[in-house]
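Student: Starting off with a structure, shown below.
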2 protein chains.
Amino acid sequence: MALVVVGGVAAGMSAAARARRLDPHLPIVVLEKGVSVSYSACGLPYLLEGRVREPEELIVHTPEYFRKERKIEVRTGARVAAIAHPRREVALESGERIKYDRLIIATGARCDTSAIAGSGQPHVFTLHTLDDAARLRAFLREREARRAVVVGAGYIGVEVADALRRNGLRVTVLERGADALLRDDAAFTAAVRRVLEAHRVELRCGVKVDAIDADRVADVPCDLVVIAAGFKPNAELAAEAGVAIGRTGAIAADDHMETNLRGVFAAGDCAETTHLVTGRPTWIPLGTTANKTGRVAGANAVGGRERFPGVVGTCIVGIFGTAFAATGLSVAQARAEGLSPVSARIEAFSRPRYYGGAATTVELVADRTTGRLIGGTVIGEQGAAGRIDVIAAALHKRMTVDEFEQLDLAYSPPFTPVWDPLLIAAQQLSKQL
Amino acid sequence: MALVVVGGVAAGMSAAARARRLDPHLPIVVLEKGVSVSYSACGLPYLLEGRVREPEELIVHTPEYFRKERKIEVRTGARVAAIAHPRREVALESGERIKYDRLIIATGARCDTSAIAGSGQPHVFTLHTLDDAARLRAFLREREARRAVVVGAGYIGVEVADALRRNGLRVTVLERGADALLRDDAAFTAAVRRVLEAHRVELRCGVKVDAIDADRVADVPCDLVVIAAGFKPNAELAAEAGVAIGRTGAIAADDHMETNLRGVFAAGDCAETTHLVTGRPTWIPLGTTANKTGRVAGANAVGGRERFPGVVGTCIVGIFGTAFAATGLSVAQARAEGLSPVSARIEAFSRPRYYGGAATTVELVADRTTGRLIGGTVIGEQGAAGRIDVIAAALHKRMTVDEFEQLDLAYSPPFTPVWDPLLIAAQQLSKQL
């Protein structure tokens, strides 16, 4: 028995480490095209910002650690050219062939800039690897860039905008769609816009970027461009090997993270999962899901029968100190799924006023037919992560608004108000059901 | 139709306000023995500490507000001597009688000091009302007290100890039982002790206080004593009227908050509720539950059929900046309930180290027979409230450890780590199931 993992970082290394823990003697090879196999990709914006001073701070484990401490053969700079499943063989670009009994595909996702003319210019960057961050930092220092355009108002886009603004640049974010943060939610986008504008970052939605000029993008003058759009799963290698691709464009896997090819698993940003609110396949590439699906794929590749049930789409991002968190479906997304959404949006204090509470906005979305909670957002400076996680837990268990309204949540003035904003929102929502 | 509410503050005023909202014309009378009907009792320790400067900051609404804005007849200083249910009549100590059709008993709880000799001395206090806090503050200012004893290491006891220490006093907390914070949990108590001792507050458990001398309590010299023990539901008035009392000593009510007497409801600290983990009646007097049961009693008193399903026992307290939060059952409590508890306690970072994460301790308790999560604690400086609330939501929906382990929780470096401490604890616990 031998296990080969294609792709390191979150999913691949979680899978390899889990397999090793469950099987101390199995030969495990990880093939990583880059130079690092275990770093916090989500920390890159803070490296750009300067809060994280050195790239090394973001490295969780070195390849040497995995080799020596975990007995995992980690090969960096190893680019896989093809998977020949009938022969249970992986071919590297170097021509080398490696045999496997079980295969885990953890090839991740990429920022596809091919549709944008001029994206190869030296002042145009993406922010996906430690190397990207290092190059961008060097550019900032050496070229004294003053005006930046960020393409894409997803999570990374707004984090990059925040980081560049804190470095003193004038920043414009151009978003192709109508909304920020990948959520079809005009009020959420309006709140993002307010915080960005309060820090003099401009957000323009409905602007499709096809080309980048030397000194401007879509009429916005700039001397630096960061592309944070066009994310795609790296599913081509798998597809060519006969692995089924789902409607989302990512690799289809069952709830054991196994693909249509027996013994071939997929995990992380290259794979679909199930959206637990809609019951349908979804592609929401996030580090948390990559780690979880990696663990499950790793366990099952060595004979386990673990399940990854799916996700509810929980996200959070900090923009100039305000958290924007979302989970489940927005009203518009719920309508598009054929549900009958009702929602309530309230503003309340995150803790008692006399204890320095700050304003928090909570929106809850329910399905009128079933009375079930199906989504929510939390915006605020205090406690947003915990509150969105409570909604997420409720979505996992298909909680109704009536049940949610009676949750026994913690109360003490230094932390929370006696009526938590979540419960106030639930009370408002319950009036509409 | 007329509604009489015995007792203002959290439960009583929530009930009266809810009844008014649902029935704009019903005569509603609230009989409150004190002078205030709507204030944050949980804010009293912060008034003592000095963070809250004036008692007025803790007042949510004045009696005048309820009279004028809500058309609720609020009578302060109105002591109820007896309830004559066959005549649907309440008798005041003044001799006056008031007729009702529906009655809500919201008489709260008290700190019963009658078993402690010497509790009437001028240097001995409780902290239950705004007036208590004002008297204690005046004493601190005028007498220049230097050494305090706090009797009871429950939530209020440790909050008072914290507040007095911040006022420069030397403080000893004496607890009759083996554990602090009302939780049968040695590790939780040890953590409380560590934080108290780091701030030079002494905690002595297993010390029963029968008497208070002029200059000492149980060999501890002191010139100020605060009693935060001996809490009892104010159920005598109800019992004398024929209202059934539960085994906890509080008023028994069904999940509509109705007592055995038709048309007589109970809410707040005087009433039992159902513990949703054990399915048994419980008495956990807290402001959150008082508000919720008050709302339900108020709605049902005017013809509604709302349900209050019960509580899971969620609590949080801040001690010198560290949150101690608990919900559900401890291992010892679970054993006492006849369950087969297994638990895992982990220490992890509340957010990534490179983003200034602080240590957080999470313990999760599960029932081996069913695999269900049945309790947990969270200790830490960041994010404890949100994390305990996620556990609480899981308890409400009888989530298994396997399900909990796969929760789609929010991740972004300014707020949380990629593996939330909750999930790390669940992984550890799952190995034992």
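The values are calculated or read from the model by the stated rules, or taken from the named source; none is laboratory data. Since the model is a prediction, treat every value here as computed from it, not as a measurement. Cβ: placed from backbone, ideal geometry, glycine included. Neighbour counts: every protein chain shown. The protein model used for the area step is the full one, side chains on, heavy atoms only, and it has no ligands, DNA or RNA in it. Shrake-Rupley method; radii C 1.70, N 1.55, O 1.52, S 1.80 Å.
Student: Counting DSSP beta bridges in the range B:1-122, what percent are antiparallel, to the nearest 5?
Tutor: 40 percent
Student: Be a star and scan the range A:21-39 for residues whose amide nitrogen sits under 13 Å from the point 7 Å along the Cα-to-Cβ vector of A:R141.
Tutor: none
Student: Within the set of other residues whose C-beta is less than 10 Å from the C-beta of B:V378, count the net charge using Lys and Arg as +1 and Asp and Glu as -1.
Tutor: -1
Student: Can you send over the solvent-accessible area of A:M1, 1.4 Å probe, protein chains only, in Å² to the nearest 10?
Tutor: Accessible area of A:M1: about 110 Å².
Student: In Å², rounded to the nearest 100, what is the total accessible surface buried by chains A and B against each other with a 1.4 Å probe?
Tutor: Buried area between the two chains comes out at roughly 5000 Å².
Student: Now, a different point. Report, as a whole number in µm² per second, the diffusion coefficient that Stokes-Einstein gives for the range B:312-433 at 20 °C and 1.002 mPa s using the Kirkwood radius over alpha carbon pairs.
Tutor: Translational diffusion coefficient: 151 µm²/s.
Student: Starting from the eigenvalues of the Cα gyration tensor, five times each then square-rooted, give me the equivalent ellipsoid semi-axes of the range B:243-369, largest first, whole Å.
Tutor: 35, 19, 12
Student: In A, who owns the beta-carbon nearest the axis carrying A over to B, and how many Å from it?
Tutor: Residue of A nearest the axis onto B, distance in Å: A:G386, 1.
Student: A further question follows. So which residues of the range A:313-327 lose at least 10 Å² of accessible area, probe 1.4 Å, when you go from the chain by itself to every protein chain present?
Tutor: A:T314, A:I316, A:G318, A:A323
Student: Could you tell me the ratio Rg/Rh of the range A:316-380? Both radii from Cα atoms, Rh via Kirkwood.
Tutor: Ratio of gyration radius to Kirkwood radius: 1.08.
Student: Sticking with this structure for a sec: DSSP beta bridges in chain B, what fraction antiparallel, as a percent rounded to 5?
Tutor: Approximately 55 percent, going by the DSSP bridge assignments.
Student: Taking the Cα atoms of the range B:44-140, what is the range of coordinates along each of the three principal axes, in descending order and whole Å?
Tutor: 48, 40, 19
Student: Please give the net charge around A:V362, taking every other residue with its beta carbon less than 11 angstrom from that of A:V362, where Lys and Arg add +1 and Asp and Glu add -1.
Tutor: Summing Lys/Arg as +1 and Asp/Glu as -1 gives -1.
Student: With a cap of 16 neighbouring Cβ atoms within 10 Å, and only residues DSSP puts in a loop, list the chymotrypsin sites (Phe, Trp or Tyr not before Pro) found in the range A:383-433.
Tutor: none
Student: Another question, then. Per the 1.4 Å probe, what fraction of the accessible area of the range B:1-138, in percent, lies on carbon and sulfur atoms?
Tutor: Answer for the range B:1-138 is 51 percent, counting heavy atoms of protein chains only.
Student: With 19 Å as the cut-off, how large is the P(r) tail for the range A:102-173, expressed as percent of Cα-Cα pairs?
Tutor: Value for the range A:102-173 (Cα pairs over 19 Å): 39 percent.
Student: Cβ neighbours within 10 Å, averaged per peptide: list A:172-179, B:226-233 in order, most packed at the top.
Tutor: Per-residue Cβ counts within 10 Å, averaged per peptide and sorted highest first, yield B:226-233, A:172-179.
Student: With only alpha-carbon atoms counted, please give the Rg and Dmax of the range A:187-264, in Å.
Tutor: Here Rg and the maximum Cα pair distance are 19.7, 53 Å.
Student: Rounded to the nearest 20 debye, what is the charge dipole size of the range A:1-129 about its Cα centre when +1 sits on each Lys and Arg Cβ and -1 on each Asp and Glu Cβ?
Tutor: Here the range A:1-129 has a charge dipole of around 480 debye.
Student: Just tell me how shielded B:33-40 is by partners: mean number of partner chain Cβ atoms within 10 Å of each residue's Cβ, no decimals.
Tutor: Average neighbour count from other chains, rounded to a whole number: 1.
Student: OK, next. What is the sum of charges, Lys and Arg at +1 and Asp and Glu at -1, for the other residues whose Cβ falls under 11 Å from the Cβ of A:Q333?
Tutor: That works out to -2.
Student: At 1.567 mPa s and 4 °C, plugging the Kirkwood radius over alpha-carbon pairs of the range B:153-294 into Stokes-Einstein gives what diffusion coefficient in µm²/s?
Tutor: Reported coefficient: 75 µm²/s.
Student: Looking at the protein assembly as shown, what % of the alpha carbon pairs are farther apart than 44 Å?
Tutor: Tail of the P(r) past 44 Å holds 35 percent of the pairs.
Student: Also, quick follow-up: For peptide A:381-387, how many partner chain Cβ atoms fall within 10 Å of a residue's Cβ, on average?
Tutor: Mean partner shielding for this stretch: 6.
Student: Here's something else I'd like to know. How many partner chain Cβ atoms sit within 10 Å of a residue's Cβ in peptide B:285-292, on average, as a whole number?
Tutor: 5
Student: In this model, which of A:K232/B:K397; A:K431/B:K99; B:K33/B:K292; A:K431/B:K71; A:K33/A:K208; A:K397/B:K431 are farther than 26 Å apart at the alpha-carbon?
Tutor: From A:K232/B:K397; A:K431/B:K99; B:K33/B:K292; A:K431/B:K71; A:K33/A:K208; A:K397/B:K431, over 26 Å: A:K232/B:K397; A:K431/B:K99; A:K33/A:K208.
Student: If one computes the Cα centroid of the range A:224-268 and of the range A:292-337, what distance in Å separates the two points?
Tutor: After rounding, the separation between the Cα centres reads 16 Å.
Student: Using just the alpha carbons, could you tell me how many Å³ per residue the convex hull of the range B:266-337 encloses?
Tutor: Normalising the Cα hull of the range B:266-337 by residue number yields 92 Å³.
Student: Whole number in Å², please: accessible area per residue of the protein assembly as shown, 1.4 Å probe, ligands, DNA and RNA not counted.
Tutor: 39 Å²
Student: As an exercise, take the mean of 1/r over every pair of distinct alpha carbons in chain B, invert it, and state the Kirkwood radius in angstroms.
Tutor: For chain B, inverting the mean 1/r across all distinct Cα pairs yields 22.9 Å.
Student: With charges set only on the Cβ (+1 for Lys and Arg, -1 for Asp and Glu), what does the dipole of chain A come to about its Cα centre, in debye to the nearest 20?
Tutor: Roughly 460 debye, rounded to the nearest 20.
Student: Right, next: At 222 nm, what value in deg cm²/dmol follows for chain A if DSSP H runs of at least 4 each add -39500 (n - 2.57) and the sum is divided by all its residues, to the nearest 500?
Tutor: About -8000 deg cm²/dmol.
Student: Distance from the Cα centre of the range A:1-60 to that of the range A:345-381, in angstrom?
Tutor: About 36 Å separates the Cα centre of the range A:1-60 from the one of the range A:345-381.
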